[in-house]
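Notes follow the structure.
Bear in mind these aren't lab numbers, they're just calculated from the coordinates by the rules spelled out. Everything numeric here is computed off the predicted structure, so don't read it as measured data. Please note: Cβ atoms are built from the backbone with ideal geometry, for glycine as well, and neighbour counts cover all protein chains shown.
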């Protein structure tokens, strides 16, 4: 990662890389200062609010079967981000250029205005889900990690979840989201509405 940010901790100056325990990022792998290699996968979520009770139970049962025998360490974490409407707005603008009649143009214009007003001055966020797997740095570390990643991808696919391994650029952007958060976690902010909780009926 280019550039150095200095952080003052207990009278000792550390670089950002030292503070985050990052030695290097090579292709899809992150090397830590303490001798580990990490690989990150993005998990694309599904909307469980659209599931019936039976579908939820079947989904959780299938995931339990797929993941209960995992013997290697892993971490699943969530990064909340403000909703990015840029791609949608650009898509609507391109659509507007292709339209000929005034009524359709007005509909698209109102859609753009409504979208801007919907997110303006509001903490509307969306959660991004990531899986982190790692092992000690050494011979065949990268090969072993990609095999494990492919195994995870297949298991998620069996549960109808799409996943992808983060590239070097995506890794850097993810790390920046920790060091430069898009919104502050204030003490008086309630994030409970943004955390999805699945509860099963006790039989």
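Observations
- Cβ-based exposure ranking for 130, 74, in which fewest neighbours within 10 Å come first: 74, 130
- Residue ranges 102-111, 133-142 sort as 133-142, 102-111 when ordered by packing (mean number of other C-beta atoms within 10 Å per residue, highest first).
- Ranked 36, 116, criterion: other C-beta atoms within 10 Å, fewest first: 116, 36
- Take 160-169, 48-57 and order them by the average number of nearby Cβ atoms within 10 Å per residue, most first; the result is 160-169, 48-57.
- This ranking places 64, 177 by how few other beta-carbon atoms lie within 10 Å of each, fewest first, which gives 64, 177.
- Length gained on full extension, residue 154 to residue 173: 4.3 nm, using 0.36 nm per residue less the C-alpha separation.
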